[in-house]
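Below you'll find the structure, written out as structure tokens, and then a few comments.
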Amino acid sequence: MKDRLKNLDLITAFLWLLRAAIILVVAWGTFKTLLSNPYTSRNWLDFIIFGIAQGSMYALIAIGYTLVYGVLKMINFAHGEFFMSGIFTATSALAIPLAASGFMDQHPLLSLLAIGLLSMLISVGIALLTERIAYRPLRHAPRLMPLITAIGASFFWQYYFRGLFGSQVRPFPTVAALQGSIPFLNTTVLKTHVLVVVVTVLALVALNFFITKTRAGMAIRSVSENKDVAALMGINVDRAISMTFATGATMAGLAGLLYALVYGQVHFFMGFIPGIKAFTAAVLGGIGNIPGAAVGGLLLGLFESVGPSLFLQGLGIPAFNQLKDVIAFTMLVLVLIFRPQGIMGERLAEKKA
Amino acid sequence: MSKKAFSILALLVVTSLLLAACGAPAASGGADAPAAEGDVVVAAGDPIRIASALVISGPNTDLGLDSQHGVEIAIEFKGEIKGHAIELQAEDDGCSAEGGQAAGQKIVSDPSIVAVIGTSCSGSGVPMAQVVSDAGYVMVSPSNTAPSLTDPAQAWKPGYLRTAHNDKVQGAAMAEYAYSVLGLSTAAAIHDGDPYTEGLANAFRESFEALGGSVVAFTAVNVGDTDMRPVLTSIAASEGGAPAFLFFPVFTAECAHLATQALEVAGLENTVRGAADGCFSAASAEAIGDAAPGMYFSGPDLSFSGDVYNQFAAAYQSNFGTAPISVFHAHAFDATNMVFACIEEVSVEGADGSLTINRQAMRDCLYATSGFQGITGSLTCNEYGDCADPKIAVYEIVDGEYVSVWP
Amino acid sequence: MDNLTSSGWRQALLQGFVAGLITVSASTIGMVELFGTRYFLAGLFTMGQLLLFAPPAVLAFSLAGKIKSQGISIVTVKAAAIGAISGAMLALLVWANQTFPLRTVLINLSPKLMGLLTFDRSLAEGALILIGVSVATAVFGALLQFVPRLYRQALLSAIITTLGVGLLAPLLFERIRNFFGQSVAQLVFTSSALQVVPAIIIFAASAALFYFRGKAALNSKPKAEQKLNPRQKMLRQIPLAIFLLILPMLLGSYLTEITNNVGIFLLMGLGLNIVVGLAGLLDLGYVAFFAIGAYTMAVLTSTGPLGVAQMSFWAALPICVAVSALAGVLLGTPVLRMRGDYLAIVTLGFGEIIRILALSDLLKPFIGGAQGILQIPKPSIAGITLISPEQLYYVILGGALLAAFISNRLRESRVGRTWIAMREDEDVAEAMGINLVRTKLLAFAIGAGFSGLAGAIFSPKLTSIFPHSFNLLISINILSLIIVGGLGSIPGTIVGALVLVGLPELLREFAEFRWLMYGLLLVVMMLNRPEGFIPSDVIRRELHSGDEHRAEV
């Protein structure tokens, strides 16, 4: 017992040291950066806006991770591919022909609605197919097994869509109405960024309504609380789980459209990195928790955008922007050392994770 | 039990190490390994076999697939050599060191392969040059540009040649253009952590500073990044002021992001942008779209106008359903034709219709290539296998087409 | 699929649609065209055609197994329906492509593919052939169910064997040529396909073999588990040991190279098996320790400008393992209190941090940044440098044997039991007096040490290392291979490494579709054998309890 305590103390000391070191480096870097002050207040505001826009997209994708985790307690590694499949199909099969025919210029709103709808539809279709074939039979298997089928599904869909539409980067047509920027405080904001934030907020409000107020949403929530009890209460568990996947994929399909509008290009590999980032965001916020996913996504976007300049530039690190993922993951570690259940996660999550 | 198991294990380890030291050379020197300076004998009616080792999976697929298409068209155009059809064995270099090594081992284990076109990525080229050279084979890379590969103090090996230009040449050309022609004296460079882009960005920095310009920022993004605005904002706020020229020799996806987003960042509105051949393709031009004005691209001086190129482009379109998807198809076409020319030169026809090709003679012939007329120019190989016609041009995009503006 | 309708007609139509979906997809993504250039049987039968006609046959076979009781004629009609639907959907694809400009979107609908699908005839004739052949193969598949069990199994095994030989034809050709000469090899193979007569012989021989084996198994009574004394056990290992020692001579340089890659992944798999399989700590950033081992070796031994010590491989080896193990402890400490998926994402983050730092400009003066470290000398023994894959094989074999031995001993030991206890329930394990901190850190350290050993062998094997070799996909691949092989089981890890590392290497010619097939393999494997190829006892029990749970619900 004594030996154990001694050990624990050493570990605790190490952890405190680690926390202190990270915080010290961050604080010192920030101090040095602010001292030399290479940026104007407009620059800082820009960094924050870029971070919020990027973070909104992470948040939308992260919701899919968190919903599925809440219900099935599994890491849906293929979620990034749901995101990719929708917009990649919508761009190749709809947006490019629409733009070529000139229809998109005449009816931009109608076109975007159609493209968004197709994107969400395909994402949902792929998600349901994956759930039915690769996840459902393993619902009672140990949790590593669905993780492996998810990894397999992720590879499969990537190269399936590459086979369908090719390996090239496909440019998303520009929408004239969304070009340019509008003034905001002492800087300007891109119209696409405004759209991203507005659509994300609307989507989150709609999602909240769906989850809390509709029958289907309540079914999802009850299944995520306890599958067996939900089944006893007459809820069709299979359908509720499918609904969960469909909801997450809808958000991913929507995020796909926003991604295409902001970044102007799609390709078969585009789902992988946002997928990892959204997963990180979901854990940062507390996996299984919907507001947590939104907060985590936003924070991750901000860390990536503001972090390198604020924390690292002052330290004189060469090519500091290269290290933005190091910052993002270090912040994740820091948050999880302080709060092992994530920012908004419940203690419960720790119990049987 | 444990003691015995351990002693058996120890015995096994010791024996295996002993075998490694003495037994295996016998094995590799036996019937198994291809003779280092051996002959390839192509029987009557059999095809002449060449291999390609290009990246045809993963995110850099475009680069390698495009080169492979170049090889395939060269084979189609050539038809046959001295009555023998030509067969391609296409391998994947995976754009990684281990992929290059495995592909290389696979190729050299096939004694019927005469020559290799590859690799796509310099990182695969380093181990593959070693494997291929050790086995007495010869490889011609259509797209390795890392200076180390033809530097005898670093990674050069005697079976290695390339038709791609050395990074040093391209970096210097871009610096020359930006500093002397455009008259810009401050610059920034961005790479993406890939050996190719990092090497090129460094070559540019050195040349630009040697010319008298100042590089106010030298930084990097990551492959797969989409939001470039933060890094661009920090470049705009560099200590030396916003740069007048911004060079980012990265690949299509990141290049298009940088090209379009630079226009949206305060302080960089008037900065001239420059990219390199990683961003020189129909897909790149489309992805850059309206952001093209005020942007320059360095690349091989492709007099892409001759009859051969027109035929090539037509064949590409009809065989693969698209315009060339990346930049090194012409280099691959030239590399393949260089190999064919040497096969024609060194192969000896037997009375029974067979063809004998000496591997050392192939190497010597390729190294002796001089004034070879290809799509990419007139190719002459130096003693370390640099064969490219080192003419670099600068292009801009006009109506979706790359138009040469310099020299 | 669970609730069969009484007639099974809906089932048949659905299966036909699924078969059609598979064949149309395979055509649309370009697989059929690429595989169409590879003959199984020289001049007769390509792998592309296998893709077109195997799915209806397989689905008809499985459906026929379920509705066998309905009698041979009804089953035949239903199987024919499956084949007809699948063939008709392909014909529809051809028609649609001829009528609409589909290729502008779906780039792989090439004229060549259309030629393959219609057998270079007109649409109507081609469609008839397509449907006809699909129906024939589907009926054949279904009728197999009516063949007596012993014959059926022999037939199926013979088909699979022949197809396997055809698939690996280029490699077998190369091997046979090496041992028996070109002329013998050409009796059996063209350079990439099986000749017809040998194919028939192989088919007949393997059918006969499987038949007699099946019959023998049927007749013999189940043997009582033989108790072997240690000496007998040891004697049984000797043929295996000899086999391992002469393997490179049998395989030749390319297959040995693949074996070496498998060996390196096996080393890492054995290490991760301790972390995930025994201690139950889900680590998605395992590549970090591989990178640390490889870079340590490179820095210590390189003769280039970045080398600091120009040490010999053997002197640097223990240092690499020690440094990696230390890194395991250091990176393990912050995650001691995290569980499950939190642990997964944090370790994934560590892996990425190490990779980004390796390629960063920050550390470029020390470890080369994007340009990596070159000029790493190969190991040498007694003045002889080990250059060829055949020579390096023995170094890797030695490492893998050592790792397997250590893992095996550890699992049987007290430490191994505390790991398993901790995996089953941390709180209970702690209450039982197990020191969680020490137990976890030990698992991390040993796992990292194995990975570091793999890295230390990897870098001189390549003679140059670049940060791109250490990406997330490596971590994912190792995790997949230990689970597909059978979590916690050492023979399972070996099989997993062979399947998930060796097979993609052997199928190198299929380029990008390798990864599609890799993904498919993971899914199919997990669905059919979730416990892995060679499961450990504990996992088998765990899955079994899962069945009971399902029964309750």
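Structure values in brief
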quantity	calculated
CD proxy at 222 nm, helix term only [per DSSP H run n ≥ 4: -39500 (n - 2.57); per residue of chain B; nearest 500]	-12500 deg cm²/dmol
Long-range amide H partners of B:Thr145 with built H, under 5 Å	B:Ser122
Local net charge near B:Ser326, Cβ-Cβ under 9 Å (Lys/Arg +1, Asp/Glu -1)	-3
Packing-based exposure ordering (other Cβ within 10 Å, fewest first) of B:Cys342, B:Cys387	B:Cys342, B:Cys387
Given charges at Cβ of Lys, Arg, Asp, Glu: the protein assembly as shown dipole, positive-most of A:Ile23, C:Gly65, B:Ala172	C:Gly65
Listed residues A:Ala127, A:Leu109, C:Val275: farthest to the positive end of the dipole of the protein assembly as shown (Cβ charges)	C:Val275
Dimensionless Rg/Rh of the stretch B:148-214 - Kirkwood Rh, Rg from C-alpha atoms	1.06
Cα Rg over Rh - the stretch C:7-146, Kirkwood	1.00
Reciprocal of mean inverse Cα separation for the stretch C:284-383 (Kirkwood radius, Å)	14.5 Å
Fraction of the pair-distance distribution of the stretch A:1-139 above 18 Å, Cα-Cα pairs, percent	75 percent
Potential lengthening between C:Phe146 and C:Val18 on full extension [0.36 nm per residue; Cα-Cα distance subtracted]	43.8 nm
Sorted largest first, extent of the stretch C:351-400 alpha carbons per principal axis (Å)	39, 23, 15
Per-bin percent of Cα-Cα distances, the stretch C:247-552 [10 Å]	6, 27, 35, 23, 8, 1, 0
Tensor-based shape of the stretch B:261-335 (alpha-carbon gyration tensor, a/c under 1.5 rounded, otherwise prolate or oblate)	prolate
Interchain or long-range residues, amide H under 5 Å from A:Phe172's placed H	A:Gln265, A:Val266
Nearest-0.05 FRET efficiency for B:Glu349 and C:Asn408, computed from C-beta distance (R0 56 Å)	0.40
Lys/Arg +1, Asp/Glu -1 at C-beta; the protein assembly as shown dipole; positive extreme among A:Leu334, C:Phe210, A:Leu147	C:Phe210
Per-pair calculated FRET efficiency, R0 = 25 Å: C:Thr99 and A:Asp105 via Cβ, rounded to 0.05	0.35
Test item: C:381-390 mean partner chain Cβ contacts at 10 Å	6
Kirkwood estimate for the stretch A:46-306, i.e. one over the average of 1/r between Cα atoms, Å	18.5 Å
Per-residue average of Cβ from other chains inside 10 Å of C:304-313	1
Volume of the Cα convex hull of the protein assembly as shown, divided per residue and given in Å³	183 Å³
At 0.890 mPa s and 25 °C, Stokes diffusion of the stretch A:66-215 via Kirkwood alpha-carbon radius, µm² per second	138 µm²/s
Largest to smallest principal axis extent of the C-alpha atoms in the stretch B:72-111, angstrom	36, 22, 8
Spherically averaged projected area in nm², based on the convex hull that wraps the Cα atoms of chain B	24.8 nm²
Packing-based ranking, highest mean first, of C:377-384, C:517-524 given that Cβ atoms within 10 Å are counted	C:517-524, C:377-384
Relative exposure of C:Trp419, C:Trp314, A:Trp157, judged by other C-beta atoms within 10 Å (fewest first)	C:Trp314, A:Trp157, C:Trp419
Electrostatic dipole magnitude of the protein assembly as shown [Cβ: Lys, Arg +1; Asp, Glu -1; Cα centre; debye, to 20]	5800 debye
Residue order, fewest to most surrounding Cβ atoms within 10 angstrom, among A:Val169, B:Val140, C:Val499, C:Val197	C:Val197, C:Val499, A:Val169, B:Val140
Whole-angstrom Cα spans of the stretch B:162-301 along principal axes, big to small	39, 34, 26
Length released on extending from A:Val198 to A:Gln179, taking residue separation times 0.36 nm less the Cα-Cα span	5.2 nm
Cα convex hull of the stretch C:96-199, projected area averaged across orientations, nm²	10.0 nm²
In order through the stretch B:100-116: 3J(HN,Hα) via Karplus (6.51 cos²θ - 1.76 cosθ + 1.60), integer Hz, x for Gly, Pro	x, 5, 5, 4, x, 4, 5, 5, 6, 7, 9, x, 8, 7, 8, 7, 10
Magnitude of the charge dipole, the stretch C:247-552, Cβ model with Lys/Arg +1 and Asp/Glu -1, debye to 20	640 debye
Calculated P(r) of the stretch A:189-235 - Cα pairs past 18 Å, %	48 percent
For the stretch C:149-218, radius of gyration divided by Kirkwood radius, i.e. Rg to Rh on alpha-carbons	1.08
Positive minus negative residues near C:Val94 (Lys, Arg vs Asp, Glu; Cβ under 14 Å)	0
Placed amide H near B:Ser52: partners under 5 Å, 5+ positions off or other chain	B:Gln89, B:Ala90, B:Glu91, B:Ile117
Fully extended contour minus Cα-Cα distance, from C:Ile160 to C:Ala217, at 0.36 nm per residue	18.5 nm
Nearest-0.05 FRET efficiency for B:Asp364 and C:Phe119, computed from C-beta distance (R0 35 Å)	0.15
Shielding by partners, peptide C:461-472 (average Cβ within 10 angstrom, other chains)	6
Protection proxy ranking, peptides B:326-338, C:133-145, average beta carbon neighbours within 10 Å, highest first	B:326-338, C:133-145
Percent breakdown of C-alpha pair distances by 5 Å bin, ordered from the shortest bin, for the stretch A:220-340	2, 10, 14, 17, 16, 15, 11, 7, 4, 2, 1, 1, 0
Evaluated over chain C, the Cα radius of gyration and Dmax, each in Å	26.9, 78
Among A:Ile126, A:Ile61, A:Ile273, residue whose mean-square fluctuation peaks in a GNM of chain A (springs only between Cα atoms under 10 Å)	A:Ile273
Debye, to nearest 20: dipole size of chain B, +1 on Lys, Arg Cβ, -1 on Asp, Glu Cβ	1060 debye
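Each value in this text was obtained by applying a stated rule to the coordinates, not by laboratory testing. A quick note: this is a predicted structure, and the numbers were derived from the prediction, not measured. Counting neighbours? That spans all protein chains shown, and the Cβs are built from the backbone with ideal geometry, glycine included.
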